[in-house]
Amino acid sequence: MLPSQFLLSRVAWASGLVLAGSALLGCSAGPTSVAAEASPAQAVTAANTLVLSDEPRYQVSPYPERITLLPGAAASSSAQVTWRTNSSVTESLLQLAVATPSPGLHTQAKQLIGRSIKLNSPNGEAHHHRVQLSQLQPDTLYAYRVKGLNTWSSWHQFKTPAADFKPYTALYFGDAQNAVLSHYARTVREALLTAPRAKVMLYAGDLVNSRDGVHDDEWAEWFAATSWMAGSIYQLPAAGNHEFSSDDDQPIRYLLPHWVAHYEVAGNGPEALSDTVYYSDVQGVRYIALDSTEALQSEQLAQVQAQWLEQVLANNPNRWTVVFHHHPMHSVSMGRDNPPLRKYWQPLYDKYQVDLVLQGHDHTYGRDHQAASATATDNQGPVYAVSVAGPKMYLVSEQAQATMDRLGEDTQLFQTLEFHQDRVKYQAFTATGELYDAFVLHKTAAGKQVEDLQPTTAERRCSNPNKPKPHRCWNGTDLIHAPAAAQ
């Protein structure tokens, strides 16, 4: 039985989220209501977005927006698509076709019907639509569009993964969180220029800040920054602590409704956590998302995830395994530590020889191999990485300086993961496209070996002479309206 405080943590939306039979193609269901956020009268414009307090920018409309493609458990044959309109659009319709060079895609398209859930915000009442795509053919280019009110979105294209391993590139991002459109956007744009054929975009949590009454505007800027990529490149998000909130004087955080509205993940996690804990198999790589926020506020939920994780790792036919969650196994920033993760999860990473563990939360960069591991032997443990993509920046701890292979402060980054049959090449690039860290993880019958390829450039440290706090380089929210430097 789950703890009562956990049940409260999901009460904001769980009671009406899943409709009987609504996930089946060909079934239509009316909108389901989820919790509303602040009313327009309560909304406060903070310096976390570019939106002016007296000029609304992201009000809901009858036009489809925030279109998102997520892989199913077996991405070669299944996927989910979500999008948003205003409440005038009551049907969730998607047209899907095998892509051809001809513009007459509609002539070969089949129409799929899904469901929607209702979400109120200061930007209006929205219907968040979702359609399941099943029985897809592996390694096939598809085109789809979604319906608004008497109109359609543009056609999006995506190629399903092969059923078996085939080399490809994935992108990994740490926290965006603050000043997403003004500052994070350049990171994701540079990432696409670096890896234009990336098949996966993986996020280690804290996509937005979820504070100051401008939550929907933050999500609007997230999708403005990610743009068409969200609907054409598979999205693999992990929930961070800023995807949660708590009521005044209450220690328990609950998942905010925008998460489940935007992300219809594979749904194969523990029943009570299936909106944030899941796995997807993408072309010979198993990606496993865990919910470290729930694990750190409930030891029982850390154990629930560990039990599920062991089953998923023990029955894994894939060549490579990537686990990702928000809070680091081995913290990089000052004053942070997450012992329950090491207690319940790290032994499983070592036992089942997980290859990569990708994380965020610390607003710094850190990479290490088998740090503080008591169970990994002979290089069989994972490589751990912590990264940050947005502008909020902290300082690294003395312990991290003593144990990590590569560190960084005050640096917006993205990472490319190049999967090959016998190796994974990992590269961390700055938002300006410069190589900051790299290694190759080799895997043979004899075991794994890490080849360090980090550049000879010095590790970056905080450049801000006026740090807002002793452990911070930048707040992030102090940058949108920052004055120009004196000439």
Scanning the range 55-82 for residues that are of a type in the set (Lys, Arg) and within 22 Å of the chain's Cα centre (by Cα) gives 66
Of the residues in the range 79-88, those that are buried (at least 22 other Cβ atoms within 10 Å of the Cβ) and either out of contact with any Leu (no Cβ under 9 Å at 6 or more places or on another chain) or of a type in the set (S, T, N, Q) (or both) come to 80, 82, 85
Could we say that residue 336 is under 27 Å from residue 468 (Cβ atoms), over 18 Å from the mean Cα position of the chain (by Cα) and either surrounded by fewer than 24 Cβ atoms within 10 Å (Cβ to Cβ) or of a type in the set (D, E, K, R) (or both) here?
-> yes
Across the range 414-447, the tally of residues that are within 16 Å of residue 175 (Cβ to Cβ) and surrounded by 21 or more Cβ atoms within 10 Å (Cβ to Cβ) stands at 4
Checklist entry - Do we find a residue being surrounded by fewer than 18 Cβ atoms within 10 Å (Cβ to Cβ) and under 24 Å from residue 280 (Cα atoms) anywhere in the range 54-73? => result yes
With the first residue restricted to the range 431-447 and required to be on the phi > 0 side of the Ramachandran plot, and the second required to be part of a loop (DSSP other than H, G, I, E, B) and loosely packed, with under 14 Cβ neighbours inside 10 Å, Cβ contacts under 7 Å at 6 or more apart or on different chains are 447/378
Exactly one of 28, 92, 76, 102 is under 25 Å from residue 145 (Cβ atoms), modelled with pLDDT of 95 or more and surrounded by fewer than 18 Cβ atoms within 10 Å (Cβ to Cβ), and that one is 102
Among the residues of the range 269-295, the number that are within 17 Å of residue 240 (Cα to Cα), acidic (Asp, Glu) and out of contact with any Phe, Trp or Tyr (no Cβ under 9 Å at 6 or more places or on another chain) is 1
Over the range 446-478, the set of residues closer than 22 Å to residue 47 by Cα and either of a type in the set (Phe, Trp, Tyr) or assigned to a strand (DSSP E or B) (or both) is 469, 472, 473, 474
Cβ pairs under 7 Å, 6+ apart or interchain, first in the range 179-201 and assigned to a helix (DSSP H, G or I), second surrounded by fewer than 21 Cβ atoms within 10 Å (Cβ to Cβ) and small (Gly, Ala, Ser), ordered by first then second residue, are 181/224; 190/433; 194/433
Within the range 204-224, the residues that are without any contact (Cβ under 8 Å) to a residue 60 or more places away in the chain, buried (at least 22 other Cβ atoms within 10 Å of the Cβ) and not β-branched (Val, Ile, Thr) are 207, 210, 222
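The values are calculated or read from the model by the stated rules, or taken from the named source; none is laboratory data. Because the structure is predicted, anything quoted here is derived from the model rather than measured. Note that each Cβ is placed from the backbone with ideal geometry, even for glycine, and that neighbours are counted across all protein chains shown.
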